[in-house]
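*Asks:* Supplied in structure tokens, the structure appears directly below.
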Amino acid sequence: MNNGVYLIDKKKFITSSKTLAIFKNKTKIKKAGIFGILDPLATGILPIVVGEATKFISYIPNNNKTYEVKCKLGVFSQCGDYETEPVTFENEIEIINNLSIEVIKSTLKKFLGKYPQMPPMYSASKHKGKPLYTYARKNITVKRELKERYIYDLKFISLEEDVLTFKVTCSPGTYIRTLIQDISRLWNLHSCLFELNRCEVEPFEKYSPIDLNDINKDNLDKYNISISDMLKNIPCINCNSREIDKLYKGIGIERQNSANVTIYRLTDDENIFHGIGYFKENVLYPKRLMKK
């Protein structure tokens, strides 16, 4: 059974679910899921988690993401991008022409750190069990609560005519369409997402995405990111074969909690990953294990 993660380079106009379906068809892998969905118009890194790795997604400590963003200033669409026809505000052209790099950089700095964000109506955020976009498509607006997000880095790249380009590293769940609108509102401008490319996903920064055309059932090992690497930010504890057997039987083993943390990756003498364990005082117990 194939276990681990594959970073697929999602193309524009192809949905994340369609990308997953193509991947499963080409590789003949049956058990696979997406870690961080991308909108149809977005491109870039789409992690696909396969096999036993799907059991450990919730243990990935951080999954901050980095995007390169292009947005059109002086235009607006109901969904925040070009999936719906944008409206152009000709009266905002003068503001755009007078927008200096210094003002842009100064504004971007204001968004660093904690960032309370209102989920857009055209999003998969839930209200009474239904995605918000189901209400938006019926022209129904529902009351939403602000969500606390975090902006780690926000760098200006260019402003060419009415297209602003910047790079942002943000916490999971951040809506880039809303971020763009929140930024441009401080300039008394409308804005709309034009292009979005996800160029980094923690903790897979050192890996490059794969074109779907380049992967098949015969070269899976070449592109596989192991479960242990997927969970590399969790400290590792090595157990001998006798201890591993005990853990699989649900029996705790006495060990010193050297890193003084609760959760550990469990490996054996051959560095094979067996799952996640947790400490209670100085006893290590199994939390979630691989299928034996």
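*Asks:* What is the dipole size for the range 98-188, taken about its Cα centre, with +1 at each Lys and Arg Cβ and -1 at each Asp and Glu Cβ, in debye to the nearest 20?
*Replies:* Charge dipole of the range 98-188: 660 debye, to the nearest 20.
*Asks:* Rounded, prolate or oblate: pick one for the range 229-278, where a ≥ b ≥ c are the square roots of the eigenvalues of its C-alpha gyration tensor, a/c under 1.5 means rounded, and failing that, prolate if a/b is larger than b/c, else oblate.
*Replies:* It comes out oblate by the Cα gyration axes.
*Asks:* Can I ask one more? With unit charges on the beta carbons (Lys and Arg positive, Asp and Glu negative) and the dipole taken about the Cα centre of the chain, which residue among Leu186, Ser100, Ile140 sits farthest to the positive side?
*Replies:* Ile140
*Asks:* Something else: Determine the order of Thr174, Thr88 by accessible area, beginning with the largest, at a probe radius of 1.4 Å.
*Replies:* Thr88, Thr174
*Asks:* Separate question: Is there a pair in Lys249/Lys287; Lys206/Lys232; Lys222/Lys291; Lys10/Lys155; Lys167/Lys222 whose C-alpha atoms are over 20 Å apart, and which pairs would that be?
*Replies:* In this structure, Lys222/Lys291; Lys10/Lys155; Lys167/Lys222 lie more than 20 Å apart at Cα.
*Asks:* Could I ask something else about it? Please label the shape of the range 1-49 as rounded, prolate or oblate, based on the square roots a ≥ b ≥ c of the eigenvalues of the alpha-carbon gyration tensor (a/c under 1.5 means rounded; beyond that, a/b larger than b/c means prolate, else oblate).
*Replies:* Cα axes put the range 1-49 in the prolate bin.
*Asks:* Heavy-atom accessible area of Phe89 with all protein chains present, probe 1.4 Å, nearest 10 Å²?
*Replies:* 60
*Asks:* Turning to a different aspect of this structure: On a 28 Å Cα-Cα criterion, which of the cross-link pairs Lys65/Lys130; Lys65/Lys246; Lys31/Lys114; Lys110/Lys147; Lys31/Lys65 come out too long?
*Replies:* As for pairs spanning more than 28 Å Cα to Cα, those are Lys65/Lys246; Lys31/Lys114.
*Asks:* Relative contact order for the range 29-156: what is it in percent, counting Cα pairs under 8 Å that are at least 6 residues apart?
*Replies:* Averaging sequence separation for qualifying contacts and normalising by length gives 18 percent for the range 29-156.
*Asks:* When all protein chains stay in place, what accessible area (Å², nearest 10, 1.4 Å probe) is found for Tyr150?
*Replies:* 90
*Asks:* Counting only protein chains, not ligands or nucleic acids, how are Met230, Met118, Met290, Met1 ordered by accessible area (probe 1.4 Å), most first?
*Replies:* Met1, Met118, Met290, Met230
*Asks:* Net charge around Ser17, counting only other residues with Cβ within less than 12 Å of its Cβ (Lys, Arg = +1; Asp, Glu = -1)?
*Replies:* Residues close to Ser17 contribute a combined charge of +2.
*Asks:* Can you tally the net charge around Ser58? Count Lys and Arg as +1, Asp and Glu as -1, for every other residue whose Cβ sits under 13 Å from the Cβ of Ser58.
*Replies:* Every neighbour counted, the sum reads +3.
*Asks:* Here is a further query. Classify the range 1-99 as rounded, prolate or oblate, taking a ≥ b ≥ c as the square roots of the eigenvalues of its Cα gyration tensor: rounded when a/c is under 1.5, otherwise prolate if a/b is larger than b/c and oblate if not.
*Replies:* Cα axes put the range 1-99 in the prolate bin.
*Asks:* Normalised by the number of residues in the chain, what is the relative contact order in percent for Cα pairs under 8 Å and 6+ residues apart?
*Replies:* Over the chain, the number comes to 22 percent.
*Asks:* Using +1 on the beta carbon of Lys and Arg, -1 on that of Asp and Glu, and nothing else charged, what's the dipole of the chain about the Cα centre, debye to 20?
*Replies:* Approximately 1420 debye in magnitude.
*Asks:* Which ³J(HN,Hα) values, rounded to whole Hz and listed in residue order, are derived for the range 154-166 from phi using the Karplus coefficients 6.51, -1.76 and 1.60 in 6.51 cos²θ - 1.76 cosθ + 1.60 with θ = phi - 60°, glycine and proline given as x?
*Replies:* 8, 10, 5, 10, 6, 10, 10, 6, 10, 10, 9, 10, 8
*Asks:* So, one more: Ignoring ligands, DNA and RNA, please state the percent of accessible area on the chain from carbon and sulfur, probe 1.4 Å.
*Replies:* Heavy-atom surface of the chain belonging to carbon and sulfur, 1.4 Å probe: 47 percent.
*Asks:* Quick one: divide the alpha-carbon radius of gyration of the chain by 2.2 N^0.38 Å and tell me what you get.
*Replies:* This ratio for the chain stands at 1.18.
*Asks:* Would you mind working out the accessible area per residue for the range 65-199, using a 1.4 Å probe, and quoting it in Å²?
*Replies:* With all protein chains present, the range 65-199 gives 56 Å² per residue.
*Asks:* Is there a quick way to get the dipole size of the range 1-86? I mean about its Cα centre, with the Cβ of Lys and Arg at +1 and of Asp and Glu at -1; what is the value in debye to the nearest 20?
*Replies:* It comes to approximately 440 debye.
The values are calculated or read from the model by the stated rules, or taken from the named source; none is laboratory data. None of the values given here were measured: they were computed from a predicted structure. Methodologically, a virtual Cβ is constructed for each residue, glycine included, from the backbone with ideal geometry; neighbour enumeration extends over all protein chains shown. These accessible areas exclude ligands, DNA and RNA; they are computed on the full protein's heavy atoms, side chains included. Shrake-Rupley method; radii C 1.70, N 1.55, O 1.52, S 1.80 Å.
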